[in-house]
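The values are calculated or read from the model by the stated rules, or taken from the named source; none is laboratory data. Everything numeric in this text was worked out from a predicted model, so none of it was measured. Cβ atoms come from the backbone with ideal geometry, glycine included; neighbour counts cover every protein chain shown. Note: accessible area is taken over every heavy atom of the protein model, side chains too, but ligands, DNA and RNA are not part of it. Shrake-Rupley method; radii C 1.70, N 1.55, O 1.52, S 1.80 Å.
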Amino acid sequence: MGLHHTDLSPDVLGLLREGAVIPAHPLALDADRQLDARRQRALTRYYLDAGVGGLAVGVHTTQFAIRDVGLYEPVLRLAAEAARAWTDRRLVMVAGLCGTTDQAISEAKIAVANGYHAGLLSLAAMKGSSVDALIAHCEAVSREIPLIGFYLQSAVGGMTLGVDFWQRFAAIDNVVAIKVAPFHRYRTLDVARGVALARAEDRVTLYTGNDDHIVLDLVTPFDVRRGNGETARVRFRGGLLGHWSVWTSKAVELMQRCRAAREAGHVDADLLALDARVTDCNAAFFDVANNFHGCIAGCHEILRLQGLLEGIWCLDPEEGLGPGQKAEIDRVRVEHADLGDDDFVRANLARWLA
């Protein structure tokens, strides 16, 4: 057995279950599309000073193609070392895991060796497999590292996964959370039902990855009927989001506001109204108009405008901003300027880049 969730420090496991802001860490490249270690460290420092509860590295926003160019282990190591050198507060370190079973197990071992606490398991490489085969794959990887399930939206390679899969997945002992990111309300309900039917809601924490409904996910209770008149109330506790790789200090403030509303048992209309505004920003960042073609480059563009990245380069030269995306990003930066954190970045950028 590799790393089990009972091996994690109570502080780390408690933070994960309480619900944290976990940005999906982008990849900083130079004009030759090589790793820019200085700016990669600066991004990590930015997120930590913004007040995040953890980092997700080697995930979709980091670009799955890092595996093809030998950057998976170096990028994981760089983020972990930069975080340890910058702060001594508790953090949840999440590593993206991809591929078929052998590859995912290998990546899990790399993650554990670099001090990561959990693995966000993409099933995209297993598309077409039966539920039995998917569960066997997940069980095998869970023997190496605590797992965070990943319901990836179909527009970027995800598959449809029903209640039966999520119930069986949530029943795996070393599953600690699920990132719910199908961008689809019915499929989001399937995850909530699966966790409740597995009676795992106290062990498996839901994290929103639904960038189209961040605020609503964080404030909405999901009631699931389990039979015999029993109702389980399931909630999203935190967010693991590509959207939160930008304007991150304001994302932390938003998370605090949503948590306070949940604890008070009252969600005011102004907070509910923020859902549409955040979604409007996300439509620009993620290039919804072009079926998410520029979803990574759009986040890069915000970070470039702030000075954190030198350019918007991706490993794939074909990945860039979609038609009209730049104009949409410029629009939301003006219309929703209060949701941005340009002043925070400007005040700290030199220190992060040092």
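Yes or no: Ala155 in a helix (DSSP H, G or I), at pLDDT below 95 and either more than 23 Å from Arg226 (Cβ to Cβ) or within 17 Å of the chain's Cα centre (by Cα) (or both)? So Ala155 passes the test.
Residues of region 29-81 that are open to solvent by 30 Å² or more (accessible area, probe 1.4 Å), in contact with a strand residue (DSSP E or B) (Cβ under 8 Å, 6 or more places away or on another chain) and not hydrophobic (A, V, I, L, M, F, W, C): Gly51, His60, Pro74. In region 242-285, the residue that is surrounded by the most Cβ atoms within 10 Å (Cβ to Cβ) out of those that are among the hydrophobic types (A, V, I, L, M, F, W, C) and touching a strand residue (DSSP E or B) at 6+ places or on another chain (Cβ under 6 Å) is Trp244. The helices (runs of 4 or more DSSP H) located wholly in region 29-132 that include 1 or more residues which are within 30 Å of Asp342 (Cα to Cα) occupy 37-50, 72-86. As a summary of the residue check, Ala181 satisfies the conditions (1) closer than 19 Å to Phe292 by Cβ; (2) surrounded by fewer than 23 Cβ atoms within 10 Å (Cβ to Cβ); (3) aliphatic (A, V, I, L, M) except for the one numbered (2).
Applying the set (1) in a helix (DSSP H, G or I); (2) over 21 Å from the mean Cα position of the chain (by Cα); (3) modelled with pLDDT under 95 to Ile135 leaves exactly one unmet item: (3). Can you find, within region 82-91, the residue that is least open to solvent (accessible area, probe 1.4 Å) among those that are among the aliphatic types (A, V, I, L, M) and without any contact (Cβ under 8 Å) to a residue 40 or more places away in the chain? If we take residues in region 82-91 being among the aliphatic types (A, V, I, L, M) and without any contact (Cβ under 8 Å) to a residue 40 or more places away in the chain, then Ala83 is least open to solvent (accessible area, probe 1.4 Å).
Pairing residues of region 265-289 that are within 16 Å of Gly242 (Cα to Cα) with residues that are open to solvent by less than 20 Å² (accessible area, probe 1.4 Å) and of a type in the set (Asp, Glu), at Cβ distances under 6 Å and at least 6 apart in sequence or on separate chains, gives Asn282/Asp211. Contact annotation: residue pairs with Cβ atoms under 6 Å, 6 or more positions apart or on different chains, pairing a residue in region 4-21 that is within 17 Å of Val234 (Cα to Cα) with a partner that is of a type in the set (Val, Ile, Thr) and outside any loop (DSSP other than H, G, I, E, B), are Leu16/Val92; Arg17/Thr205; Ala20/Val92.
Within the option set Phe169, Phe165, being in a helix (DSSP H, G or I), open to solvent by less than 10 Å² (accessible area, probe 1.4 Å) and out of contact with any Asp or Glu (no Cβ under 9 Å at 6 or more places or on another chain) holds for one residue only, Phe169.
Residues that are closer than 19 Å to Leu274 by Cβ and part of a helix (DSSP H, G or I) were ranked within region 286-327; the one that is most open to solvent (accessible area, probe 1.4 Å) is Val288. Selection of region 140-172 for residues being without any contact (Cβ under 8 Å) to a residue 60 or more places away in the chain, in contact with a Pro (Cβ under 9 Å, 6 or more places away or on another chain) and closer than 21 Å to Asp102 by Cα yields Tyr151, Gly158.
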